[in-house]
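Taking it in order: structure first as structure tokens, then the write-up.
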Amino acid sequence: MIITVCADKGSPGVSWTATVLGMVWPGERVLLEADPSGGDAALRLRTPEGQLLPPQSGLRGLAVDGRSGNLPASLLSYAHQTSLGVPVIPATDMRTEDFALIARQWPAVAAAVDHWPGAVIADLGRLQEDSSAGPVAAASRIVLLIARCTPEELYHLRERAGALAVRLGQGTHGRSPLAVAIICPARQHSARLRDVKELLAAEASTSTIPVAGWIAEDERSVQALRDGQLTKKLLGGDLLASARELTRTLLAWWPTDPATGQGPPSQALDAPATRGAPWMDVGGWSQ
């Protein structure tokens, strides 16, 4: 199961939204750094010992093995463990031109990643029409479009969401994978969610695009993420609480097991926020 996290313009909190979803998503999961503009996980994440992540790019190895059809059973062999509990497959030393070189491997990599039994939370940054990582979005069960509730963002959101919905189509799982989530202060989230729902509902082309929820704009918690620290403010704050609420909604709308319609037990999301808890171990696009 692939959960793509992206923005259409800029990258307004995409990376740390993907990170906190990885922290709270139940079951086995991994954070995949697939932003063609370059990876920065090595700058914002740390090993469990508090050191910088190793310089090797797990994504580069994944692409090479995907080309040869020699992918291992577990994606975790490409991942580094982090102090935040979520494993990450980084694009540490990859530049924009490196992503262009592996563009042909993305469909095979996306197909292999999608068949991994765990959840792959893919940080795609800006998801433009010509994005080389578009096949990852095309293979995703969920594509979460992130927007901030500034006047400029809201002005363009409907047009961008509508265009992205057309590019994604019904997806490989028989329904549109697209949903919108907003970043806003906790005290404003009810009003901002209402504004975005009304905005999308006012146009026929976007009226069926759901608004899944919100992520708290909480700079102190984000700074703790950047420092790789599981502080009391982070563990008990609005940022992770909003991420859990958003995850519940996404799992209810797109169950992880399409055969049974059942997702992981909801209580996994309410597990104590402590280190070591199970939930903390952490162009055309057609294929």
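The values are calculated or read from the model by the stated rules, or taken from the named source; none is laboratory data. Source: prediction; values computed, not measured. Note that each Cβ is placed from the backbone with ideal geometry, even for glycine, and that neighbours are counted across all protein chains shown.
Annotations for the structure displayed:
- Given (1) closer than 16 Å to Ala103 by Cα; (2) at pLDDT 85 or above; (3) among the small types (Gly, Ala, Ser), number of the condition Gly27 does not satisfy: (1)
- Odd one out for Gly27, checked against (1) in contact with a Gly (Cβ under 8 Å, 6 or more places away or on another chain); (2) buried (at least 18 other Cβ atoms within 10 Å of the Cβ); (3) within 19 Å of Leu250 (Cβ to Cβ): (2)
Here's the yes/no breakdown for (1) at positive phi; (2) buried (at least 22 other Cβ atoms within 10 Å of the Cβ); (3) not hydrophobic (A, V, I, L, M, F, W, C):
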site: Ala7; (1), (2), (3): no, yes, no
site: Gly22; (1), (2), (3): no, yes, yes
site: Thr82; (1), (2), (3): no, yes, yes
site: Arg95; (1), (2), (3): no, no, yes
site: Val109; (1), (2), (3): no, yes, no
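- The single condition from (1) surrounded by fewer than 18 Cβ atoms within 10 Å (Cβ to Cβ); (2) within 17 Å of the chain's Cα centre (by Cα); (3) over 21 Å from Ser140 (Cβ atoms) that Pro55 fails is (2).
- Which numbered condition Leu32 fails, given (1) hydrophobic (A, V, I, L, M, F, W, C); (2) assigned to a helix (DSSP H, G or I); (3) at pLDDT 85 or above: (2)
- Test set (1) modelled with pLDDT of 95 or more; (2) surrounded by 16 or more Cβ atoms within 10 Å (Cβ to Cβ) - Leu199 fails condition number: (1)
- Flag for Ser176 being buried (at least 22 other Cβ atoms within 10 Å of the Cβ) and either in a loop (DSSP other than H, G, I, E, B) or at pLDDT 80 or above (or both): no
- Any hit, region 142-149, residues being surrounded by fewer than 22 Cβ atoms within 10 Å (Cβ to Cβ) and among the small types (Gly, Ala, Ser): no
- Some residue of region 152-159 being surrounded by 22 or more Cβ atoms within 10 Å (Cβ to Cβ), at pLDDT 90 or above and not in a loop (DSSP other than H, G, I, E, B): no
- Any hit, region 188-210, residues being under 17 Å from the mean Cα position of the chain (by Cα), closer than 25 Å to Leu239 by Cβ, among the aliphatic types (A, V, I, L, M) and not in a helix (DSSP H, G or I): no
- Every pair of residues 6+ apart whose Cβ atoms lie under 9 Å, when the first sits in region 134-158 and is closer than 21 Å to Ala204 by Cα and of a type in the set (Asp, Glu) while the second is in a loop (DSSP other than H, G, I, E, B) and at pLDDT below 85: Glu153/Lys9; Glu153/Gly10; Glu153/Pro12
- Residue among Ala122, Ala133, Ala73 that alone is aliphatic (A, V, I, L, M), at pLDDT below 90, buried (at least 18 other Cβ atoms within 10 Å of the Cβ) and under 28 Å from Pro255 (Cα atoms): Ala133
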